[in-house]
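Written below as structure tokens is the structure these notes are about.
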Amino acid sequence: MTSIVDTAPTAGRHARPTDPPRALRLLVYEENTDSIGGNQRYICLLLQYGAKAGMDVVLVTPREGVLADTARRYGAVSVLSRRQAREPYAVRCARLRARIRTVKPDAILCNNTKSLGTGLVAARLARTPVLWYVKTETRSRLRNLAFGLAADRVLAISPSVFEDGRGRVGAALVRRSVHLPIGIELDRFVTIPPAPATPGLHALVLARIHPDKRLDVVLDALDALGPEASGIRVVIAGGVAPGLEAYARHVATRAAAARHATVELRGWSDDVPGLLTDADAVVLASRTEGVSRSLVEAMAASRPVLATRVGGLGDLIAHGETGLLVNVDDREAIARMLVWLRDHPDERRQLGARARQDVVPRFDIGGHVRALAREVETLGSRT
């Protein structure tokens, strides 16, 4: 994106063009490289849409993996080491510092504390400001305080996460914090027709196979229903988090043992619109969550959602209006809501229709990237 601005002639000299303004440059550092979850999909969108906001986005990862392979379809990716083994922390920091000095970004963005731990040190050594995008609350109050005060700017995905963080870390963190709703590309979802109001329930769980997603709780709810679970089909679509293969086998064993409901494990799929087209509703029983991208996409597709009251989900969903909310680990409530969704096809269509009207204007990716670019520009102007 180049332009030439003519300067007014001065006495005794010809006018000369100024240098074209340099686009903002954002370096995104991500250490979770072996799976594609919400953060990784978000990074791919930044690579895809950053230029439209006048911002060059570069993804840096410590090593090759699924994320690097996927992200290359959308933009610039830089891998610190060709070694597949995880390198020592000091080595990662040194490699990242060198890459920062090569890329010369206006700011660095980290989307989780794992990446931030390396990104902060490398950025400080390279004298580059850091943005921390908080999408779900961390479990350590001390870590929240340390990382929140060390970052130059804290972005919070929802008012609930933002307010909770403010209460813990005090006024110093508030001054460097701002609420920035997640940006999502919804064009593929708003064109999905509403699910037909037919008997039975096809419930979709879009989540990684991870204990935090509480898949066991959903399976417990189905077991508790006994014969009353007849007509309920649950499809779990999500990859296995690294190191949790044994847990994935446990979930698969339980799914296969379901007696009255039908439970199917699909694995990871990038055809989320196709999965939603076949679904009547979407379920997420997480113990911890920010604002789930999968739930926003489901709501944009006019699918009613059943979720837990955690993180920013209470801000995302108006209970009884745009979706259904239950408490964490409340198996009985999940069971009741699944039966209600199965037995009330007309009402679940109405929930889905209101959900679409609510989320589409709130989570536009274009507006999100422009707001992020303004934060990057502000930080870059200070250096």
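Nothing in this text is a laboratory measurement; each read-out follows from the coordinates by a stated rule. Bear in mind that the values here come from a model prediction, so they are computed numbers and not experimental data. Cβ: placed from backbone, ideal geometry, glycine included. Neighbour counts: every protein chain shown.
Enumerate the amide H contacts of LEU109 below 5 Å, restricted to partners 5 or more residues apart or on another chain; note that Pro and chain-start residues carry no placed amide H.
Excluding prolines and chain starts, which carry no amide H, the hits are LEU27, VAL28, TYR29, LEU131.
Answer with one residue from LEU201, GLY352, GLY312: the one whose Cα lies farthest towards the positive end of the charge dipole of the range 187-359, charges on Cβ with Lys, Arg +1 and Asp, Glu -1.
Farthest towards the positive pole: LEU201.
Which of the lysines could a cross-linker bridge to LYS135, judged by Cα under 19 Å and excluding same-chain residues fewer than eight apart?
Partners found: LYS114, LYS213.
Given +1 on the Cβ of Lys and Arg, -1 on the Cβ of Asp and Glu, and no further charges, what dipole in debye does the chain carry about its Cα centre, rounded to the nearest 20?
Details: 54 positive and 41 negative charges, 376 e Å.
Approximately 1800 debye in magnitude.
Dimensions of the range 187-359 along principal axes (Cα, Å, largest first)?
41, 35, 28
Summing -39500 (n - 2.57) over the DSSP H runs of n ≥ 4 in the chain and dividing by its residue number, what mean residue ellipticity at 222 nm do you reach, to the nearest 500 deg cm²/dmol? Numbers along the way, then the final one.
Numbers: 16 runs with 162 residues, N = 383.
Result for the chain, helices only: -12500 deg cm²/dmol.
What is the distance, in nm, between label points placed 7 Å from the Cα along the Cα-to-Cβ direction at LYS104 and at THR288?
According to this spin-label approximation, the distance is 3.9 nm.
Pairing the Cα long axis of helix 89-103 with the longest principal axis of the chain, what angle in degrees results, from 0 to 90 and rounded to the nearest 10?
60
Once amide H atoms are built 1.01 Å from N in the peptide plane, which residues 5 or more positions from GLY323, or in another chain, come under 5 Å H to H?
Sorted by chain and number, the residues that satisfy this are ALA318.
Points 7 angstrom from Cα along the Cβ direction at HIS250 and TRP268: gap in nanometres?
Simple spin-label model gives 2.2 nm for this pair.
Show me the ranking of peptides 188-194, 90-96 by mean Cβ neighbours inside 10 Å, starting with the highest. It would help to have the intermediate numbers written out before the result.
Values: 188-194: 14.7, 90-96: 18.0.
Highest mean packing first, the order is 90-96, 188-194.
Taking the structure as given and computing percent of Cα pairs over 29 Å apart, which label from [x] 46; [y] 49; [z] 36 fits?
[x]
Among the aspartates and glutamates, which have Cα under 19 Å from the Cα of LYS52 when same-chain residues fewer than 8 positions away are ignored?
ASP106, GLU185, ASP187, ASP364, GLU375, GLU377
Calculate the length of the line joining the C-alpha centroid of the range 109-127 to that of the range 260-313, in whole Å.
Centre-to-centre (Cα) distance: 31 Å.
Output the peptides 343-352, 76-85 sorted from most to least packed, where packing is the average of other Cβ atoms within 10 Å over each peptide's residues. Working shown, then result.
Working: 343-352: 17.0, 76-85: 13.8.
Ranked by mean Cβ neighbours within 10 Å, highest first: 343-352, 76-85.
Using the Cα centre of the chain as origin and beta-carbon charges of +1 (Lys, Arg) and -1 (Asp, Glu), tell me which of LEU155, ILE36, HIS210 is placed farthest towards the positive end of the dipole.
Selected residue: LEU155.
For ARG362 and TYR89, FRET efficiency with R0 = 35 Å and r from the beta-carbon atoms, rounded to 0.05?
Working: r = 38 Å, r/R0 = 1.09.
With R0 = 35 Å, the Cβ-Cβ based efficiency is 0.35.
Taking the 0 to 90 degree range and rounding to the nearest ten, how far is the long axis of helix 141-150 tilted relative to the main principal axis of the chain, both from C-alpha atoms?
30
Given GLY54, ALA94, TYR74, which one lies farthest toward the positive end of the charge dipole of the chain, if we put +1 on the Cβ of every Lys and Arg and -1 on the Cβ of every Asp and Glu?
Value: ALA94.
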